[in-house]
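Comments concern the structure below.
The values are calculated or read from the model by the stated rules, or taken from the named source; none is laboratory data. Computed from a predicted structure; not experimentally measured. Every residue, glycine among them, receives a Cβ derived from its backbone with ideal geometry; neighbour counts consider all protein chains shown. When the accessible area is computed, the model is the full protein with side chains, heavy atoms only, and any ligands, DNA or RNA have been set aside. Shrake-Rupley method; radii C 1.70, N 1.55, O 1.52, S 1.80 Å.
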Amino acid sequence: DVKVTQSSRYLVKRTGEKVFLECVQDMDHENMFWYRQDPGLGLRLIYFSYDVKMKEKGDIPEGYSVSREKKERFSLILESASTNQTSMYLCASSFWTERGETQYFGPGTRLLVL
Amino acid sequence: ELKVEQNPLFLSMQEGKNYTIYCNYSTTSDRLYWYRQDPGKSLESLFVLLSNGAVKQEGRLMASLDTKARLSTLHITAAVHDLSATYFCAVDPGNQFYFGTGTSLTVIP
């Protein structure tokens, strides 16, 4: 069974703190993604990675960084958390086949920045 | 800027009724995906549509894709309460996924 796990379901942090969100997948997928989900805005891509040590900016990378040291793990880092980063963060992984690319999502981390 | 628009954003429908959710997108894409999200939970893949004219059906849901019109539809037949969820479409023009804003569906008895 496909599995994507995220380190925390709920997180409360203070403005200015450094925040680490971890994502692990056990499917040996090459591709991993970080999204944030906000009401009325759908999912917006923050960063993605097609290989170990590789990263690409998505649509809203400002204020975030990522790390992919191992194939199964993709970390999202908020260098200095701000209140406008309060959101639901979703990690996903995928791989390409001739049948397209289905993304498998983790359960999400709901982050509140005070 | 690539846009993926869904309508309606909110849908309240009675059990047993039929309805269609629309997904319009602004770029060329032969691949379109539908996902379902239950409250407080993550996204679950429903359909993968890979070519013009593709049609997929699962239970009371049927999805279709018209790449020339840049339109996908998700048709609900004889709705039941279990279908209450938020439905997202996403297009993949080749570099990344772009998601719609979602349609929140509530099926009422």
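If you bin all the Cα-Cα distances of chain B at 10 Å, starting from zero, the percentages per bin are 16, 51, 28, 5, 0.
Residue-wise HN-Hα couplings along the stretch B:12-17, as the Karplus relation 6.51 cos²θ - 1.76 cosθ + 1.60 with θ = phi - 60° gives them from phi, are 10, 9, 7, 4, x, 8 Hz; Gly and Pro carry x. The mean number of partner chain beta-carbon atoms within 10 angstrom of a residue's beta-carbon across peptide A:40-51 is 3.
Each Lys and Arg adds +1 at its Cβ and each Asp and Glu adds -1 at its Cβ; summed about the Cα centre, chain A shows a dipole of about 400 debye. In percent, rounded to a whole number, the relative contact order of chain B is 37, using alpha-carbon pairs under 8 Å and six or more apart. Convex hull of alpha carbon positions in the stretch A:2-45: directionally averaged projected area 4.4 nm². Taking the square roots of 5 times each eigenvalue of the Cα gyration tensor of the stretch B:1-64, largest first, gives ellipsoid semi-axes of 21, 15, 14 Å.
Taken residue by residue and averaged, Cβ atoms of other chains lying within 10 Å of the Cβ of A:32-38 number 2.
Dipole of the protein assembly as shown, Cα-centred, from +1 at each Lys and Arg C-beta and -1 at each Asp and Glu C-beta, to the nearest 20 debye? Please report the intermediate quantities before stating the final value.
Numbers: 25 positive and 26 negative charges, 71 e Å.
Once rounded to the nearest 20, the dipole reads 340 debye.
Applying 1/(1 + (r/R0)^6) with r as the Cβ-Cβ distance of B:Thr106 and B:Glu5 and R0 = 22 angstrom yields a FRET efficiency of 0.60.
Just to be sure I understand the curve: with the Debye formula and one point per C-alpha of the stretch A:65-114, what is log10 I(q)/I(0) at q = 0.22, 0.25 Å⁻¹? Summing over Cα pairs of the stretch A:65-114 leads to -0.93, -1.05. Given the stretch B:60-109, report the % of alpha carbon pairs whose separation exceeds 11 Å. Tail of the P(r) past 11 Å holds 75 percent of the pairs. Each Cα pair of chain A feeds into the Kirkwood radius, which the Stokes-Einstein equation turns, at 20 °C and 1.002 mPa s, into a diffusion coefficient of 152 µm²/s. Note on chain B: with neighbouring protein chains present and a 1.4 Å probe, carbon and sulfur make up 48 percent of its accessible heavy-atom surface.
At the listed q of 0.16, 0.18 Å⁻¹, the Debye profile of the protein assembly as shown, built from one uniform point per Cα, gives log10 I(q)/I(0) equal to -1.10, -1.32. Pairs from the list A:Lys18/A:Lys55; A:Lys13/A:Lys70; A:Lys18/A:Lys57 with a Cα-Cα gap above 24 Å: A:Lys13/A:Lys70. For the segment B:92-102, counting C-beta atoms of other chains within 10 Å of every residue's C-beta and taking the mean gives 5.
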